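A.B. asks: Structure incoming, see below.
The values are calculated or read from the model by the stated rules, or taken from the named source; none is laboratory data. If you're wondering where the values come from, they're calculated on a predicted model, not measured in any experiment. Virtual Cβ from ideal backbone geometry, glycine too; neighbours counted across all protein chains shown. Heavy atoms of the whole protein, side chains included, go into the accessibility calculation; ligands, DNA and RNA do not. Shrake-Rupley method; radii C 1.70, N 1.55, O 1.52, S 1.80 Å.
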Amino acid sequence: MPKQPTTVSSGEFARPRKSLGQNFLQDPNIIRKIADSLVITPADTVLEIGPGRGALTEQLLARCTDLHVVEFDRELIAYWQRRAEQLDNLTVHGADILKFDLSPLLSGSNQPLKVIGNLPYNISSPVLFHLLPFADQIHSQIVMLQKEVVDRMVAGPGNKQYGRLSVMLQQRYRIERLFDVPPGAFFPPPKVDSAIVQLTPLVPQPFPVQDHAVFEAVVKQAFSQRRKTLRNTLKGTLSAAQIEACGIDPAVRAETLSVEDFTRLAEAVTKAAG
Ligand code: SAM
């Protein structure tokens with residue numbers, strides 16, 4: 001019989017901290033819809049990033065056998081540590097998610113890892129980059145971000161929003177935009193709209209790369225000056241002739257290249273170095 005989620009009263013806590021991106025979900029229908037988006041089996045380990053006052057956490061505790069939460073706010077860490085003393089399915093990590101090492105959650109047990117989080121908006125892209133090296137081992141990620149960031153994640157070549165984030169994520173994941181969440185669903189309401197996305201690792205990867213660090217460096221360099229041509233942005237890394245040998249015109253800008261094009265450029269850099 002699943003446990004019923006308990007409700008956390010806001011009177012128990014200090015005021016939300018803007019510096020930690022604290023916009024707490026308060027709409028019960030949306031909270032349930034987000035929790036329902038993550039398919040959880042008893043075999044899964046689930047990691048929640050930023051449990052806050054527990055809007056999603058309480059739903060997850062009722063559904064998970066092994067829930068880990070990573071929280072940075074000292075008061076909230078203390079709150080969750082007290083809760084964990086009474087629960088056998090909750091492990092609390094008081095840490096900055098950007099410095100949190102996921103490896104122990106991935107090794108040592110054969111349980112699939114799933115990630116969920118209403119991400120602090122000030123660090124949402126860095127969090128996605130932090131999880132990227134573990135992409136293949138995380139079975140599913142359900143994250144809430146600013147709508148504008150989601151637009152960048154799903155944008156394709158030629159789109160104004162298409163950039164480093166789009167290419168880096170699309171090389172590793174299938175990205176599905178699930179639904180939008182209006183500011184009124186939060187306390188305090190953020191100034192922007194939000195959206196929920198699901199990231200699922202691409203297995204096998206359609207455009208694999210030998211060296212992810214090289215791929216990341218090439219993509220970053222190519223987009224470093226959006227208005228310049230590849231011949232200029234990749235100067236010192238690949239010559240115009242080497243770019244052409246990848247079947248790519250050195251006179252085009254990064255924003256016109258597909259994910260596959262970027263993997264070919266990265267492979268050329270790896271080959272030239274080796
Ligand atoms: N999950 C809760 C909800 O939906 O109501 C809270 C979401 S709130 C947008 C973001 C949460 O992430 C807050 O609890 C905040 O304290 C926490 N947080 C902020 N920066 C963090 C960091 N670097 N590492 C871990 N947690 C962080």
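A.B. asks: Net charge near residue 151: determine it from the other residues with C-beta under 10 Å of the C-beta of residue 151, scoring Lys and Arg +1 and Asp and Glu -1. Numbers along the way, then the final one.
C.D. replies: On the way: positive: 147, 152, 160, 177; negative: 148.
Local charge sum for residue 151: +3.
A.B. asks: Residues of region 129-263: accessible area per residue at 1.4 Å, in Å²?
C.D. replies: 46 Å²
A.B. asks: By the scheme Lys and Arg +1, Asp and Glu -1, what is the net charge of all other residues having a beta-carbon under 12 Å from that of residue 264?
C.D. replies: -3
A.B. asks: Another question, then. Quick one: longest stretch of the chain between exposed loop trypsin sites (Lys or Arg not before Pro), exposed meaning at most 10 other C-beta atoms within 10 Å and loop per DSSP?
C.D. replies: 1-98
A.B. asks: Could you work out the relative contact order of region 1-153, using alpha carbon pairs under 8 angstrom and six or more residues apart, expressed as a whole percent?
C.D. replies: About 24 percent, as a whole number.
A.B. asks: Quote the charge dipole size of the chain about the Cα centre in Debye, to the nearest 20; the model charges only the Cβ of Lys and Arg (+1) and of Asp and Glu (-1). The partial results should precede the final answer.
C.D. replies: Values: 30 positive and 28 negative charges, 170 e Å.
The calculation lands at about 820 debye.
A.B. asks: With the Cα gyration tensor of region 212-273 giving a ≥ b ≥ c as the square roots of its eigenvalues, does the rule (a/c under 1.5 for rounded; else a/b larger than b/c for prolate; else oblate) give rounded, prolate or oblate?
C.D. replies: Taking the square roots of the gyration eigenvalues as a ≥ b ≥ c, region 212-273 is rounded.
A.B. asks: For region 51-111, what is the largest minus smallest coordinate of the Cα atoms on each principal axis, given in angstrom and ordered from greatest to least?
C.D. replies: Ordered largest first, region 51-111 gives principal extents of 29, 27, 19 Å.
A.B. asks: For region 71-141, run through the chymotrypsin sites (Phe, Trp or Tyr not before Pro) and keep only the ones in DSSP coil with at most 10 other Cβ atoms within 10 Å of their Cβ.
C.D. replies: none
A.B. asks: Placing unit charges on C-beta atoms (Lys and Arg positive, Asp and Glu negative, everything else neutral), compute the dipole magnitude of region 212-273 about its Cα centre in debye, rounded to 20.
C.D. replies: 320 debye
A.B. asks: To the nearest 0.05, what FRET efficiency results for residue 213 and residue 241 with a Förster distance of 35 Å applied to their C-beta separation?
C.D. replies: The calculated FRET efficiency here is 0.90.
A.B. asks: Rounded to a whole number, what % of the accessible area of the chain do carbon and sulfur atoms account for, probe 1.4 Å?
C.D. replies: Result for the chain: 52 percent of the exposed heavy-atom area is carbon or sulfur.
A.B. asks: Still on this model: Could you provide, to the nearest whole Å², the per residue accessible area of region 60-115 with probe 1.4 Å?
C.D. replies: Value for region 60-115: 51 Å² per residue.
A.B. asks: Given axes a ≥ b ≥ c from the Cα gyration tensor, I'd like to know whether region 131-227 is rounded (a/c under 1.5), prolate (a/b larger than b/c) or oblate.
C.D. replies: oblate
A.B. asks: Among 99/228; 99/235; 99/147; 160/220; 191/228; 18/99, which pairs are too far apart, with a Cα-Cα distance over 28 Å?
C.D. replies: 99/228; 99/235; 191/228
A.B. asks: Additional query: Classify region 10-201 as rounded, prolate or oblate, taking a ≥ b ≥ c as the square roots of the eigenvalues of its Cα gyration tensor: rounded when a/c is under 1.5, otherwise prolate if a/b is larger than b/c and oblate if not. Walk me through the intermediate numbers first.
C.D. replies: Working: a/c = 1.66, a/b = 1.19, b/c = 1.40.
It comes out oblate by the Cα gyration axes.
A.B. asks: Hey, another quick one. Could you tell me what percent of the DSSP beta bridges with both partners in region 10-201 are antiparallel, to the nearest 5?
C.D. replies: Bridges in region 10-201 are about 45 percent antiparallel.
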